[in-house]
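The values are calculated or read from the model by the stated rules, or taken from the named source; none is laboratory data. None of the values given here were measured: they were computed from a predicted structure. Quick reminder, even Gly has a Cβ in these numbers, built from the backbone with ideal geometry, and neighbours come from all protein chains shown.
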Amino acid sequence: MKPTSGFPSAAARTGSDNQLLIQALTTASKSPLLALAKRIADAGCNLSESRVSTIGTETSLMLLASGAWDALAKLETALTKLARDESLHLTHYRTGPRENSSHLLPYLIEVVAADRPGIVVRIVDFFSQHGISVEQLNSTRYHAMQTGAEMFQAQFTIGIPAEIHIAALRDDFLELCDGLNLDAIMDPVKF
């Protein structure tokens with residue numbers, strides 16, 4: 001067996017398997033998106049994925065940087081300095097590439113209903129019981145323009161294992177939604 005030196009292998013030093021997940025939360029008026037994107041580029045890393053959203057009065061960012069191990073180390077140092085800003089809640093940690101999920105079929109679920117507690121819990125529980133992963137979730141409450149009623153809307157992107165019978169799953173899901181008085185659709189994601 002070859003002894004290890006404690007240093008990453010040549011493949012790890014240069015491969016795109018080296019990734020850093022960065023999460024930031026701050027007030028919407030002080031979005032750190034530009035500052036983070038600059039630090040990623042200045043460190044010699046690529047911005048592989050990003051999610052930015054404003055929720056309430058806060059802005060939430062989730063960024064995935066990739067690059068050589070030494071470039072990520074440089075980025076980690078820059079982020080540590082940026083995190084000294086007390087108005088910015090910043091965390092980061094190393095992660096790896098996502099496992100191949102080619103056996104999962106992407107579907108979009110849209111739900112609209114009169115707002116009440118527990119809607120998301122019931123839907124996520126249904127998917128969990130069927131071994132289906134929730135890949136993305138966006139939800140909001142709003143007042144209907146015409147009546148002023150409090151409404152709830154959600155969009156789920158789910159990954160359905162290929163061995164699940166889609167028509168039977170759709171029937172079960174729509175039956176659940178009918179029982180909860182939710183208006184819902186389930187369609188394949190089309191790119």
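Might you check whether a residue that is at pLDDT 95 or above, surrounded by 15 or more Cβ atoms within 10 Å (Cβ to Cβ), more than 19 Å from the chain's Cα centre (by Cα) and among the hydrophobic types (A, V, I, L, M, F, W, C) occurs anywhere in region 4-27?
Within region 4-27, not a single residue is at pLDDT 95 or above, surrounded by 15 or more Cβ atoms within 10 Å (Cβ to Cβ), more than 19 Å from the chain's Cα centre (by Cα) and among the hydrophobic types (A, V, I, L, M, F, W, C).
Which residue out of Ala78, Ala65, Ala37 is assigned to a helix (DSSP H, G or I), among the hydrophobic types (A, V, I, L, M, F, W, C), in contact with a helix residue (DSSP H, G or I) (Cβ under 7 Å, 6 or more places away or on another chain) and not assigned by TED's automatic domain parsing to the domain that holds His143? Before you say what the answer is, go through the steps one by one.
On the way: Ala65 fails: assigned to a helix (DSSP H, G or I); Ala37 fails: in contact with a helix residue (DSSP H, G or I) (Cβ under 7 Å, 6 or more places away or on another chain).
Only one candidate qualifies: Ala78.
Taking the criterion of being touching a strand residue (DSSP E or B) at 6+ places or on another chain (Cβ under 7 Å), within 30 Å of Asn18 (Cβ to Cβ) and assigned by TED's automatic domain parsing to the domain that holds Gly179, would at least one residue in region 109-132 satisfy it?
Step one: filter region 109-132 for residues touching a strand residue (DSSP E or B) at 6+ places or on another chain (Cβ under 7 Å), giving 109-115, 119-120, 123-124, 127, 131-132.
Within this subset, residues satisfying the condition of being within 30 Å of Asn18 (Cβ to Cβ) are none.
Scanning region 109-132 turns up no residue that is touching a strand residue (DSSP E or B) at 6+ places or on another chain (Cβ under 7 Å), within 30 Å of Asn18 (Cβ to Cβ) and assigned by TED's automatic domain parsing to the domain that holds Gly179.
Is there a residue being among the hydrophobic types (A, V, I, L, M, F, W, C) and farther than 29 Å from Leu20 by Cβ anywhere in region 88-103? If you could, list the steps in order and put the result at the bottom.
Looking only at region 88-103, we keep the residues that are among the hydrophobic types (A, V, I, L, M, F, W, C), and these are 88, 90.
Restricting the remaining residues to those that are farther than 29 Å from Leu20 by Cβ gives none.
No: region 88-103 contains no residue that is among the hydrophobic types (A, V, I, L, M, F, W, C) and farther than 29 Å from Leu20 by Cβ.
Report, ordered by the first and then the second residue, all pairs with beta carbons closer than 6 Å, sequence separation of six or more or different chains, a first member in region 23-50 that is touching a residue at least 24 places away in the same chain (Cβ under 8 Å) and over 17 Å from Ala83 (Cβ atoms), and a second member that is surrounded by 13 or more Cβ atoms within 10 Å (Cβ to Cβ) and hydroxyl-bearing (Ser, Thr, Tyr).
Going by the 6 Å Cβ cut-off, the qualifying pairs are Ala28/Thr59; Asn46/Ser66; Ser48/Ser66.
Can you give me the ranges of the strands (runs of 3 or more DSSP E) entirely in region 96-191 with at least 2 residues that are under 29 Å from Glu49 (Cα atoms) and in contact (Cβ under 8 Å) with a residue 60 or more places away in the chain?
Details: elements: 104-114, 133-143, 150-161, 183-188.
Counting at least 2 such residues, we get 104-114, 183-188.
Which one is surrounded by the fewest Cβ atoms within 10 Å (Cβ to Cβ) among residues in region 158-173 that are within 18 Å of Val121 (Cβ to Cβ) and not acidic (Asp, Glu)?
So the first thing to find is which residues in region 158-173 are within 18 Å of Val121 (Cβ to Cβ), and the list is 158, 172-173.
Filter once more, so that each one left must be not acidic (Asp, Glu): 158, 173.
Values: Ile158: 24, Phe173: 22.
Of everything passing the filter in region 158-173, Phe173 is surrounded by the fewest Cβ atoms within 10 Å (Cβ to Cβ).
Could you figure out which of (1) modelled with pLDDT under 95; (2) surrounded by 12 or more Cβ atoms within 10 Å (Cβ to Cβ) isn't true of Glu110?
The one condition Glu110 does not meet is (1).
Taking the condition of being among the aliphatic types (A, V, I, L, M) and under 29 Å from Ala162 (Cβ atoms), how many residues in region 78-113 meet it?
Counting residues in region 78-113 that are among the aliphatic types (A, V, I, L, M) and under 29 Å from Ala162 (Cβ atoms) gives 6.
For every residue, the table says whether it meets (1) of a type outside the set (D, E, K, R); (2) crowded, with 17+ Cβ neighbours inside 10 Å.
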{"position": "Ser29", "(1), (2)": "yes, no"}
{"position": "Arg39", "(1), (2)": "no, yes"}
{"position": "Asn46", "(1), (2)": "yes, no"}
{"position": "Ala68", "(1), (2)": "yes, yes"}
{"position": "Thr80", "(1), (2)": "yes, no"}
{"position": "Ala83", "(1), (2)": "yes, no"}
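Within region 85-105, can you find the residues that are surrounded by 14 or more Cβ atoms within 10 Å (Cβ to Cβ) and touching an Asp or Glu at 6+ places or on another chain (Cβ under 7 Å)?
Across region 85-105, the qualifying residue is only His92.
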